[in-house]
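Comments concern the structure below.
The values are calculated or read from the model by the stated rules, or taken from the named source; none is laboratory data. Model, not experiment: these values are computed from the prediction. Here the Cβ is made from the backbone with ideal geometry for all residues, glycine too, and neighbour counts use every protein chain on show.
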């Protein structure tokens, strides 16, 4: 399968011709792990140029087969530390996709772009496809960057994004789950290493953290600028209106579980957040999962999301 890497006419996973390139083992040839091993350099080249691939018809039906496939490309996987969402480890360094109510969508985002450390690649494996819905939409982060108004981009690039998290028992994720430890000194060591301000508190939230991070980055391979932050997702306005009101009434706006500001601490205007969300929406594309699919994304070049769904759904994730 000698796909021309720069051919704009290559087959795409999504019906609108955008998103990851769709690849299948050739009929009559080696399939599964043998084909992946043989095709690794070509797949790597396509990911570097197009940002992602959807690998289909590999014949995989188990997590162990997915793990073996991931090892072909990225033998050194990452643990999910400094978490933003609940996940369950399913073995080794493989995790469930974000465990969030099935009737809710998860906005487009690049993994760990709220942090100063992130995976360069992310793998998704469809172990069980939803009966209805449950797509993993994606958006080209280069195109999102181009859609952002230059004045908005300029302010974010000058200031960065400030993420504030308040850890209150029984609300959102606990600090123990986020930092994967029960030991306060280990939290403090992690925060010191990553430039996170922290405050243990006797009243209200047990812990408050503040971290200023990038709004955009340049891809290390291509030099292209990409929109790379989660201001639109961390900001309290990302919640449903009734959930926002309940949290603010219960804890006060300064103590909501998470919020985002310009890097200098100034509030982000509602119209700016809506403009950013609209930029993502304009670039969003999606395909229907089939059991056994593997999607490999360059985490800087593609943001990903999740659509609501009905029935069972199980997507397994690895980060490298």
* Structure fact -> Restricted to segment 173-189 and to residues being surrounded by 13 or more Cβ atoms within 10 Å (Cβ to Cβ) and at pLDDT 95 or above, the residue farthest from residue 301 (Cα to Cα) is 184
* Taking only segment 296-318 into account, find how many residues are assigned to a strand (DSSP E or B) and under 20 Å from residue 227 (Cβ atoms). => 7
* Could you list, in sequence order, the residues of segment 231-262 that are more than 24 Å from residue 169 (Cβ to Cβ) and surrounded by 21 or more Cβ atoms within 10 Å (Cβ to Cβ)? -> 231, 232
* Asked: Within segment 49-65, can one find any residue that is in contact with a strand residue (DSSP E or B) (Cβ under 7 Å, 6 or more places away or on another chain) and assigned to a helix (DSSP H, G or I)?
  -> yes
* Asked: Do we find a residue being over 23 Å from residue 53 (Cα atoms), without any contact (Cβ under 8 Å) to a residue 60 or more places away in the chain and assigned by TED's automatic domain parsing to the domain that holds residue 223 anywhere in segment 135-153?
  -> yes
* Check residue 218 against each of (1) touching a strand residue (DSSP E or B) at 6+ places or on another chain (Cβ under 9 Å); (2) surrounded by fewer than 18 Cβ atoms within 10 Å (Cβ to Cβ); (3) in contact (Cβ under 8 Å) with a residue 12 or more places away in the chain and name the one condition it does not meet. => (3)
* Structure fact -> Just one listed residue, out of 72, 46, is in contact with a helix residue (DSSP H, G or I) (Cβ under 8 Å, 6 or more places away or on another chain) and part of a helix (DSSP H, G or I), and it is 72
* To do: Among the residues of segment 198-232, count how many are in a strand (DSSP E or B) and more than 22 Å from residue 152 (Cβ to Cβ).
  => 7
* **Residue within segment 55-64 that is closer than 17 Å to residue 316 by Cα, at pLDDT 90 or above, in contact with a helix residue (DSSP H, G or I) (Cβ under 6 Å, 6 or more places away or on another chain) and exposed (fewer than 12 other Cβ atoms within 10 Å of the Cβ) present** => yes
* Quick check: anything in segment 249-257 at positive phi, in contact with a strand residue (DSSP E or B) (Cβ under 8 Å, 6 or more places away or on another chain) and assigned by TED's automatic domain parsing to the domain that holds residue 148? -> no
* To do: Mind listing whichever residues of segment 233-262 are within 22 Å of residue 139 (Cα to Cα) and either in a helix (DSSP H, G or I) or without any contact (Cβ under 8 Å) to a residue 60 or more places away in the chain (or both)?
  => 233, 234, 235, 237, 238, 239
* To do: Would you confirm whether any residue within segment 193-206 is surrounded by 16 or more Cβ atoms within 10 Å (Cβ to Cβ), under 19 Å from the mean Cα position of the chain (by Cα) and assigned by TED's automatic domain parsing to the domain that holds residue 271?
  => no
* How many residues does segment 269-295 hold that are over 26 Å from residue 317 (Cα atoms) and in a strand (DSSP E or B)? -> 0
